[in-house]
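*Asks:* Mind looking over this structure? Questions follow.
The values are calculated or read from the model by the stated rules, or taken from the named source; none is laboratory data. Computed from a predicted structure; not experimentally measured. FYI the Cβ positions are ideal-geometry reconstructions off the backbone, even for glycines, and counts take in every protein chain you see.
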């Protein structure tokens, strides 16, 4: 089996270069393949549908360890934290369980729905029926 290794040049700085008619930028593709550099900080670059690089990166579990823009929302008001809760990719020290989307749904509710609450979760007041 041949393994392909994708790399971006170390001095690359054109993350907002559009690659298709949907507004996808190079950074979206790099996030999908786990090729974003550790110091990447243009998480809010979005395609025509409002999908940010951070939302793609969290889906593919490749956010940088120092990522802190959990409230960055797509055009539907769904935050990066909500996506991370859905995919089970919240960091162990995550503590913004009460962060709500535009509809009032908390990160805790999403994590509960997808069975991704940590074993030591103690904010049950945030898990309530709407």
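*Asks:* Please specify each residue of region 101-117 satisfying the condition of being outside any helix (DSSP H, G or I) and either modelled with pLDDT under 95 or touching a helix residue (DSSP H, G or I) at 6+ places or on another chain (Cβ under 8 Å) (or both).
*Replies:* Within region 101-117, 101, 102, 103, 104, 105, 106, 114, 116, 117 qualify.
*Asks:* Which of the residues that make up region 8-41 are touching a strand residue (DSSP E or B) at 6+ places or on another chain (Cβ under 9 Å), surrounded by 14 or more Cβ atoms within 10 Å (Cβ to Cβ) and either touching a residue at least 60 places away in the same chain (Cβ under 8 Å) or assigned to a loop (DSSP other than H, G, I, E, B) (or both)?
*Replies:* 15, 23, 24 - these are the residues of region 8-41 that are touching a strand residue (DSSP E or B) at 6+ places or on another chain (Cβ under 9 Å), surrounded by 14 or more Cβ atoms within 10 Å (Cβ to Cβ) and either touching a residue at least 60 places away in the same chain (Cβ under 8 Å) or assigned to a loop (DSSP other than H, G, I, E, B) (or both).
*Asks:* Pick from region 78-100 the residues that are under 13 Å from the mean Cα position of the chain (by Cα) and in a loop (DSSP other than H, G, I, E, B): which of them is nearest to residue 53 (Cα to Cα)?
*Replies:* Only one residue tops the list, namely 78.
*Asks:* Within region 74-90, how many residues are at pLDDT 95 or above, out of contact with any helix residue (DSSP H, G or I) (no Cβ under 7 Å at 6 or more places or on another chain) and either surrounded by fewer than 19 Cβ atoms within 10 Å (Cβ to Cβ) or farther than 18 Å from residue 46 by Cβ (or both)?
*Replies:* Qualifying residue count for the region: 1.
*Asks:* Please determine whether any residue of region 43-53 is farther than 24 Å from residue 21 by Cβ and either at pLDDT 95 or above or surrounded by fewer than 15 Cβ atoms within 10 Å (Cβ to Cβ) (or both).
*Replies:* Checked against the condition, which is being farther than 24 Å from residue 21 by Cβ and either at pLDDT 95 or above or surrounded by fewer than 15 Cβ atoms within 10 Å (Cβ to Cβ) (or both), region 43-53 yields no hits at all.
*Asks:* A further question follows. Looking only at region 53-77, which residues are within 17 Å of residue 35 (Cβ to Cβ) and not in a helix (DSSP H, G or I)?
*Replies:* 60, 61, 62, 63, 64, 65, 67
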